[in-house]
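Every read-out reported here was derived from the displayed coordinates using simple, explicitly stated rules and does not represent laboratory data. The structure presented is a predicted model; accordingly, all values stated were derived computationally and were not measured. All Cβ positions, even for glycine, are placed from backbone atoms using ideal geometry, and neighbour counts span all protein chains on display.
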Amino acid sequence: ASYQILSGQCSVTCGTGSETRVVNCVDSESNIVDDSLCTDERPPEVIECASTPCPEVSYVLFYNNYGE
């Protein structure tokens, strides 16, 4: 038996977030079986994911001085 990973969605649309996946131990016929039957190490259910970089936001402040 081996682990099958069903990917989820990244928690953010830009930058770095986390992805929660479904990890099941399956036999040769893709039936879900007990984890004890899988000999390889169980993959993590939550992993880091990186989408496209977030756009940089810059604020420009304008000061107007009116003389009297």
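Modelled spin-label separation between Ile47 and Val12, with each label point placed 7 Å from Cα along the Cα-to-Cβ direction: 1.8 nm. Potential lengthening of the chain between Val57 and Val33 amounts to 3.7 nm, from the contour at 0.36 nm per residue minus the alpha-carbon distance.
Taken about its Cα centre, segment 2-50 carries a charge dipole of about 240 debye when Lys and Arg each add +1 at the Cβ and Asp and Glu each add -1 at the Cβ. Would you tally the net charge around Asp27, using a Cβ to Cβ cut-off of less than 15 Å, leaving Asp27 out, and scoring K and R as +1, D and E as -1? Net local charge, Asp27 excluded: -4. Entry note: segment 2-50 has Rg to Rh equal to 1.09, where both radii use alpha-carbon atoms and Rh is the Kirkwood radius.
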